[in-house]
Every structure is written in C-alpha cells, then in structure tokens.
Amino acid sequence: MQSTSNKVSTYLGIPVARPKVAFFELSSCEGCQLQMVNNEATLLDFLSLVEIVAFREAMTEQADDYQIAFVEGSVTRADEVERLRKIRSIAKVLVALGSCACFGGVNQLKNRFQDPAWVKKQVYGTHVVESNDQAQPLEAFVPVDLRIFGCPVKKEEVEKIVTNVVLGKSVVLPKYPVCMECKANKNTCLFDIGEPCLGPITRGGCDSWCPNSRMGCWGCRGPAEDANVEQMKEIMKKNGFSEETMLDRLECFGGFAKHADVLRKSITAK
Amino acid sequence: MKTTRTIDIHHITRVEGHGNIKIVIRDGKLEEARWEVVETPRFFEAMLVGKKWENAPWISGRICGICSIGHTLASIRAIENAFGIVPTEQTRKLRLLLKHMETLQSHILHLYFLAVPDFLNVGSVFPLIGSHPDVVARAAQMKQLANDVCDCIGGRRMHPTRTVVGGFTMVPEKKELVQFRTRLKDATDDLLRTVELFRTFAVPDFTRETEFVSLKGDKSYPFIGGDLASTDGVTRREHEYRLMTNEYTVEQSTSKWSRLSRASFAVGALARVNNNFDFLHPAAKEIAASFGLKPMNHNPYMNNIAQLVECVHVARESITLIDELTGSTWQEPRQPVSPKSGIGVGAVEVPRGILYHSYEFDNEGRITHCDCVIPTSQNHANIQHDLKKLAEQYASQGKQDRDIELLAQMLVRSYDPCISCSVH
Ligand code: SF4
Ligand code: SF4
Ligand code: SF4
C-alpha cells in the first residue's frame, strides 16, 4: 500500500504517502481506540497504510509531529480544552472518533441535571474534584474536520474512512437511517416483538448492529438526514412505549440532545 | 556532594487511562514516591440516578471499553439480585463462557501488547511486527478467537448487545459454538508457546506482604457472584461488599482508594490465584507450578504469570462449557422481569479484579442510588505502597534512574490498571 511516487495528490493538505497518525483520548471509556487494535484480521494492513506516532494506550514513544489526529472522548475538564487546542494546532486533519467526541456520548447524561454541584456530591461527597459542569463534544471548542459516529465506532467503517483520507478520496457518511440496513438484513422488526427502537431516525453505517442482535437501536450515531423525531414519538406511543422510554433512548448518547431537551421539559411540565 | 534525582513520568504509557509516577531520591535515599491518578471523572453513579433499571447495563457498560462485558454482567447481576431473578442454567453457562472470553482477550491484550514490550526492550508492540512476526501473529490470533466468541454470544465484543436482565435477547447457533470449540483446541498450542515465551523473561524479584481480595469459590474457580474473601481471613457475603472495599478519597487521586485489614490490599489475577488455587484447571495448575506460582505469592510482577495461568484455565473450561451447551436443547433465552423496590449487588471477577455494582430501586424500578467499585480503584493504594517500597529498595541498592524508572513502570503495568474505569 505504501506509495513512494511523487504525485502531488493531496487531501485536506496531506500528501498521500503514509501519513503520520496520532491517537488521543479525553474523557472516555477508551473503547473507540481499542476498536482499532480489536481488528486483528486487518490490523496489519491498516498499519501499513499509516505511521502511528502517538498512541499512549499502546506505545511508549510519543511524537508531536503528525498530520491526522484521532481524538476520542468528550471534553469535561479545563486541561482537556488545552490539550485539544494543542492537538488542533498541530493536526492538519482532526477526526472526532466516536460518539463521546462527536456529541458528548454517554458522558453528557450528567448534563441533564439542573445542579452540577449535586452531580459531584453524589459521587465524591465533600471531596473537591475539578470538572466542567457539562460534558461537551470537541466541536464546542475547536473545528473538527471529520466525525466518525458510534458508541463504539464500527472498525470496518473507521478503516474505510481512514483509507479514503489517505488515498485522497472524499468521505461520505451514510445519510439514510439504521432502518434501511435493518430491512436489508431481513431482521424481524423489534416493534413486532414488543421492543422499542430508534432505527427509523438514527444515522446508518453500523449495519443495524443492535437490531441484528434483537436489541433496539439507542441512537448512538445521532440523527439521520431528514430524521423525523415527531413521527418517531408517534411510533413509540402507538406501540405502547412511554415518553420516559423515548427520552431514555433519545438522550443516551447526545446526538439528539436538542430534541431530548424539549421532550424532557415537556415531561417535567406534566 | 548532595544530589537530588527526580523520576517524573507524566501519563504513563501502555496502560488504560491517565496516571503519573513521581519519585524523588536525595543522596541515595528515597524522599518521595507517588502514584497519582489524574483521570477526569465522568460521574456514572450520578448519571444513572432517576433512570429505569433497563438503562443500567447499557449505560454502565460504557464505564470501560476493555471490560465492558464484565461491567454489563455485574450490572445485570445487581438488578437480578434486587428483583429476585435467578438466571437459568443455560444463561449462567452462556454468561460464564462470554466472561471467559473477555478474560482471555483482555489478558492476551495486556500480556502481549502492554507487558511484553518491556521484556523485549521496545516501546510498543509495533516494532515487534517486524522483529517477532510470529509472536504478534500468535497474539492476534488468540485475541481474535476470544473476540469472535464474544461477538457470537454477546452480539458484540465491546458494549455487548444481547446481554440483558433475565438472560439474552437471543442465543448463538450451535454450529458456531462447535467451530469455536475446534479453534479453542487449536489455541492450546498458542498458549503453550506463550508460556514458553514468558519463561524466557526474568520476572523482577520484588515482594511486599499483601492482603489479597477476590471472590471465594466453593466448587469452582469463581467469576460471577458468590462470597468474598481476603487472604488475611476476612469473609463477607456479596451484599456486604462495602465492608470489603471501605472506599475513601485522597488528594493525589481522582479515583477513590480502598483498604481492609491493612493500609491497602490487592485484587486481580494474582489475588484470585492466591485465594482459589485449588480450583484451577489441572493444566493451569501445572503451568503455575512450573513458574513457582502458588499461594501465597507476594510478588506483584507475578500478576502477569497469574494472568497467563488464567488464560489456560479459561480456555480449557470454555471447551467444557461449549460441550455442555451444545449437548442440551436451547431453552427460552430470556426470563420476564418484574421490577420491585430494594437493593441489589452484583460482584463479578473482571480481568483486573473484583468489580461491584450496587443499585437501589424504587417501586417502579427506577434507580435512586448507585455505587460501582472498580478493581483498579481497589488497587491504587496498593500500587502506591509497592511503589514506595520498590523505590526505597532500588535506591538503596544504588540502581540507576533509568532502571528504577523502568521497574516502576513495569510495576504499574503488572497491575494492568484500568484507570479511566477506576475514576468513572
Ligand atoms: S463513544 Fe462509546 S465506545 Fe467510544 S469512547 Fe465513548 S463511551 Fe467509549
Ligand atoms: S427493528 Fe428498528 S431498525 Fe429494524 S426495522 Fe424495526 S424499527 Fe427499523
Ligand atoms: S443500532 Fe443504533 S445504537 Fe446500535 S450501533 Fe447502530 S446506531 Fe448505534
């Protein structure tokens, strides 16, 4: 895969030859990074495509010279803002890896509480710990060039995207919903067996990962283009699911945060 | 001439999460040795308050990407204990097989990708791809096998999709299990070669008398639920876990610390082996013996060997589990759930040690209080005490900074800490 030609083909300013790649994590479960080494079968091919210069979870050497930075996790403390800004200043392409980085992920579930002091007290009592009131996505602080959705990210998709970036091809994320993939996979619809599912409004690309295992979608990849959240609420209601269940799914990963806020307010007003 | 030497490791590499080591030696005497945990908290225990029971395994599994299966199973067990659900034999076996494969993939990841580079004097596994291709290929193959079984039973190797309160959303195809049986048999050779590889490494000679805490088996090597025991003679029931963990906060760490009979205790593979040696599979026991590992072992670096021994144990036991599962007819995968008020605790041995989830529910099954105690947080105080003794000992022996730095990092890595998990 190594290209030694002098072709000046570039993508977002990066020469096509084996770019230097770095991985970083902010507040996260480190699962999205782990997905990269969890792909034993194609890991070696992937490694021939890029040169990894920083990956703290896997290697001791750390270099400050890279073109593509993958950043996992959401921003939850002041020092993370600083780290992120520094990474942004070095990287030509900044990739938000996973739903924590793209939307805040499960971490943003703490944002739903009115009183951030209560959140800290619940866990640490009177012990003082530093933490921002809100868990936020990377984009709240720096411009992001590419977003790879998912909690966790789907490794095949990451590799496809990285290959495209390296080869200078444009990256097109699916606009259609999970439902399309689920139907193509000929799954029994979960609503028919009495389970809730956000597949109709969630962006595809995971190959209907959860419904394939008879688990309804929780919307980890955020909204599909033209997602009709109002209609989704109707479908849930018609199938006998409470607004609370709808809210649980909608607010879980942060991709539907605006819609979740509206629904939460309307539930509490009742 | 007065000399002050400082070893300052910011964000130690090849561990999960963020921790720092600080050692100050003045005139050959240790002045300070500190293990600092600087990870950002995510507040999972607050996040879950107000949520209905079915959210808990799905959300709390995200505490950790490496042991998400263990977290999911501990969460499910806590809920089932609160609601009075007893898993069926089939569910019990499927969960144990899933758990075993998480243990195998995590131990292999730790041993080969995080620990081996220290012994082979390289900074990561990546240069080994060129210099030791067979070693890397073997690690990848075993990891892939374990991950493939997790995909098959749990629906996904990370943040599983089929594991639910009451059982599973669906069961695997028997013919898939049969294929895995063959691959597990083949893995026996890979594991033996792993044993041979580790035999060529010199495990640092360091001991500090330690209390070890784990589940206590009554008939088998325990992984999911049961009584709790320490090697200092403390025993407790699962729901009394707080009397084992005694969490407290310290200034140098965003993770809580634990203590029991002494200033600190250890959990993990070495603790399990020390507490349950007799229940190991004979093949695993033999390997343990060949490394001189038997209770009580007080060398923290031997946790690597204990993990290796457990790899053999879980691989062997998984073959038996597959035989039992394929030899019986599939029953309904999932039991109905009726929530009720109360408290439930789930204790599970995850790769890095004993993990507890505890939830309190209202009548409708909404969480009113949540507590998760993570293996690594139970180990932090012990790492601190080991680090101090280690630095003291090596400083007085006149070891070079470079050597102390390496041995200190290897010590921390031996615990296979999962720091972001410990802070959660
Ligand atoms: S998106 Fe999910 S899998 Fe990825 S780091 Fe965040 S919690 Fe972990
Ligand atoms: S299970 Fe979900 S994703 Fe699949 S068809 Fe039904 S609603 Fe769509
Ligand atoms: S089915 Fe939904 S929740 Fe599951 S991976 Fe796909 S988008 Fe995420």
task: State the number of residues belonging to region B:16-34 that are under 18 Å from A:Arg83 (Cβ atoms) and at pLDDT 85 or above.
output: 2
- prompt: Is it fair to say A:Cys100 is within 11 Å of chain B (Cβ to nearest Cβ), assigned to a loop (DSSP other than H, G, I, E, B) and touching a residue at least 24 places away in the same chain (Cβ under 8 Å)?
  reply: no
- line: Per the filter on region A:200-247, residues of a type outside the set (D, E, K, R), more than 16 Å from ligand 1 (Cβ to nearest atom), in a loop (DSSP other than H, G, I, E, B) and more than 13 Å from every other protein chain (Cβ to nearest Cβ) are A:Pro200, A:Ile201, A:Gly204, A:Ala224, A:Ala227, A:Asn228, A:Asn239, A:Gly240
Hits in region A:59-86 - residues which are touching a Phe, Trp or Tyr at 6+ places or on another chain (Cβ under 6 Å) and either among the small types (Gly, Ala, Ser) or open to solvent by 10 Å² or more (accessible area, probe 1.4 Å) (or both): A:Val81
Hits in region B:133-152 - residues which are surrounded by fewer than 22 Cβ atoms within 10 Å (Cβ to Cβ) and either within 22 Å of B:Leu406 (Cα to Cα) or small (Gly, Ala, Ser) (or both): B:Ala137, B:Ala140
- line: Filter region A:248-268 for residues that are assigned to a loop (DSSP other than H, G, I, E, B) and within 14 Å of chain B (Cβ to nearest Cβ); the one that is farthest from ligand 3 (Cβ to nearest atom) is A:Gly254
field: Members of region B:1-39 that are open to solvent by 10 Å² or more (accessible area, probe 1.4 Å), of a type in the set (Lys, Arg) and either touching a residue at least 40 places away in the same chain (Cβ under 8 Å) or assigned to a loop (DSSP other than H, G, I, E, B) (or both)
entry: B:Lys2, B:Arg5, B:Lys29, B:Arg34
message: I'd like the full set of residues that are within 12 Å of chain A (Cβ to nearest Cβ) and either within 16 Å of ligand 2 (Cβ to nearest atom) or among the hydrophobic types (A, V, I, L, M, F, W, C) (or both), limited to region B:63-78.
response: B:Ile63, B:Cys64, B:Ile66, B:Cys67, B:Ile69
statement: Output for Cβ contacts, cut-off 7 Å, separation at least six or different chains, first residue within 14 Å of another protein chain (Cβ to nearest Cβ) and closer than 20 Å to B:Pro336 by Cα in region A:172-199, second in a helix (DSSP H, G or I) and within 16 Å of ligand 1 (Cβ to nearest atom), reads A:Pro196/A:Arg249
message: Of everything in region A:177-215, what is within 6 Å of ligand 2 (Cβ to nearest atom) and either crowded, with 20+ Cβ neighbours inside 10 Å or within 19 Å of the chain's Cα centre (by Cα) (or both)? Give them in sequence order.
response: A:Val178, A:Cys179, A:Cys182, A:Leu190, A:Cys197, A:Gly199, A:Pro200, A:Ser208, A:Pro211
- line: Filtering region A:103-122 down to residues that are within 11 Å of another protein chain (Cβ to nearest Cβ), in a helix (DSSP H, G or I) and crowded, with 24+ Cβ neighbours inside 10 Å yields A:Gly105, A:Val106, A:Asn107, A:Gln108, A:Leu109, A:Lys110
message: Quick test for you: out of A:Ile161, A:Ile201, A:Ile148, pick the one residue that is closer than 20 Å to A:Arg249 by Cβ and of a type in the set (A, V, I, L, M).
response: A:Ile201
message: Given the criteria more than 30 Å from A:Val158 (Cβ to Cβ) and assigned by TED's automatic domain parsing to the domain that holds A:Cys182, does A:Lys258 qualify?
response: no
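Name the single residue, out of those in region A:123-159 being part of a loop (DSSP other than H, G, I, E, B) and polar (S, T, N, Q), that is farthest from ligand 1 (Cβ to nearest atom).
Filtering first and then ranking leaves A:Thr126.
The values are calculated or read from the model by the stated rules, or taken from the named source; none is laboratory data. Small disclaimer: the values here were computed from a predicted structure and weren't measured. For neighbour counting, all protein chains shown are included, and Cβ atoms are generated from backbone atoms with ideal geometry for every residue, glycine included. What goes into the accessible areas is simple: the full protein's heavy atoms, side chains included, and nothing from ligands, DNA or RNA. Shrake-Rupley method; radii C 1.70, N 1.55, O 1.52, S 1.80 Å.
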